[in-house]
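Student: First the structure, then my questions, so here it is.
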Amino acid sequence: MKKNEITYTSLLLFLSLVMMFSGCSSSTITSSWKSDKSISKSFKKILVIAITGNQNHGLRENMESHLAEDLKQRGYTVIQSFQEYGPKSFEGINEKEALDKFKNSGVDAVITITMLNKEKERHYVPGRVYYTPYFFYHRRFWGYYTTIQQRIYEPGYYTEQTNYFWESNLYDLSDNTLLYSVQTKTFNAPSSESIGHEYGRLIVKDMTEKGVIN
């Protein structure tokens, strides 16, 4: 294989990797707050509750399970609302009845995951021309000609992405106070599994860095 063909093959591989990773989702924290009280407090059992709407059971399960697993890795005992109480959880009961359920289960903290908004965006990605480097071949006509011929053209296209806006609150049930609140944005997510995976790691990392949890 000629040297310019090796360069061309390497470039193709590089572009393939760029396109593959550009399809990954991304989650970012837009704002977060913690109470002065919440300094690395230890809880006996944390309940994770995702509020995603009655039709999003799969998304709800993924959001709860990933955040629960990430908290468990920090040494906490965690239960998930969907698994523990079913898809309708606390519909049709009052505050006292809900708190009694928590107490009977040994829960002393609740963290919520609420989908505040979901919106779609459409973008136009302009076409681009890629070509192999020809620094080593421009001194000879044929080397330059064959190298410059091996250009890659990527036509323009439209792409649509869905943005999710989330909020999580951590409550201490011993006195029903808010200890921590965070808002995030997730965009270009390929699946609810990837949303839950990124979200759980992001929130637990932020709570740990802020001293909200151990």
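The values are calculated or read from the model by the stated rules, or taken from the named source; none is laboratory data. This is a predicted model, so every value here is computed, not measured. Here the Cβ is made from the backbone with ideal geometry for all residues, glycine too, and neighbour counts use every protein chain on show.
Student: Based on what the data block shows, is Lys34 surrounded by fewer than 11 Cβ atoms within 10 Å (Cβ to Cβ) and either touching a Cys at 6+ places or on another chain (Cβ under 9 Å) or at pLDDT 80 or above (or both)?
Tutor: Considered against the rule, which asks whether it is surrounded by fewer than 11 Cβ atoms within 10 Å (Cβ to Cβ) and either touching a Cys at 6+ places or on another chain (Cβ under 9 Å) or at pLDDT 80 or above (or both), Lys34 comes out as no.
Student: Would you confirm whether or not the range 137-148 contains a residue that is more than 26 Å from the chain's Cα centre (by Cα), among the β-branched types (Val, Ile, Thr), over 23 Å from Gly53 (Cα atoms) and modelled with pLDDT of 90 or more?
Tutor: Keep residues of the range 137-148 that are more than 26 Å from the chain's Cα centre (by Cα), which gives 137-148.
Pick out the ones that are also among the β-branched types (Val, Ile, Thr) and you get 146-148.
From what's left, over 23 Å from Gly53 (Cα atoms): 146-148.
Of the ones still in play, those that are also modelled with pLDDT of 90 or more are none.
No, the range 137-148 has no match at all.
Student: Just one of Gly75, Gly23 is modelled with pLDDT of 90 or more and small (Gly, Ala, Ser); which is it?
Tutor: Working: Gly23 fails: modelled with pLDDT of 90 or more.
Only one candidate qualifies: Gly75.
Student: Restrict the check to the range 83-98 and report whether at least one residue is closer than 19 Å to Val182 by Cβ, in contact (Cβ under 8 Å) with a residue 40 or more places away in the chain and surrounded by fewer than 19 Cβ atoms within 10 Å (Cβ to Cβ). So that I can check it myself, show each step before the final result.
Tutor: Going through the range 83-98, the residues closer than 19 Å to Val182 by Cβ turn out to be none.
Within the range 83-98, not a single residue is closer than 19 Å to Val182 by Cβ, in contact (Cβ under 8 Å) with a residue 40 or more places away in the chain and surrounded by fewer than 19 Cβ atoms within 10 Å (Cβ to Cβ).
Student: Continuing with the same structure: Among the numbered conditions (1) closer than 18 Å to Leu179 by Cβ; (2) at pLDDT 80 or above; (3) not in a helix (DSSP H, G or I), tell me where Leu67 comes up short.
Tutor: Every listed condition holds for Leu67 apart from (3).
Student: Can you spot a residue in the range 85-108 that is more than 20 Å from Arg201 (Cα to Cα), in a strand (DSSP E or B) and at pLDDT 85 or above? Talk me through it step by step, then tell me what you get.
Tutor: At the first step, the residues of the range 85-108 found to be more than 20 Å from Arg201 (Cα to Cα) are 85-108.
When the remaining residues are screened for being in a strand (DSSP E or B), the result is none.
No, there is no match, as no residue in the range 85-108 is more than 20 Å from Arg201 (Cα to Cα), in a strand (DSSP E or B) and at pLDDT 85 or above.
Student: Filter the range 65-86 for residues that are of a type in the set (D, E, K, R) and closer than 19 Å to Ile195 by Cα and give the result. First the steps, then the outcome.
Tutor: Taking the range 65-86 as the starting set, the residues that turn out to be of a type in the set (D, E, K, R) are 69-70, 72, 74, 84.
Within the range 65-86, Glu69, Asp70, Lys72 qualify.
Student: Continuing with this model, one more query. Filtering the range 155-178 down to residues that are without any contact (Cβ under 8 Å) to a residue 60 or more places away in the chain, in a strand (DSSP E or B) and among the charged types (D, E, K, R), which residue is surrounded by the most Cβ atoms within 10 Å (Cβ to Cβ)?
Tutor: Glu167
Student: Next question. Pick from the range 37-64 the residues that are part of a loop (DSSP other than H, G, I, E, B) and at pLDDT 90 or above: which of them is surrounded by the fewest Cβ atoms within 10 Å (Cβ to Cβ)?
Tutor: Lys44
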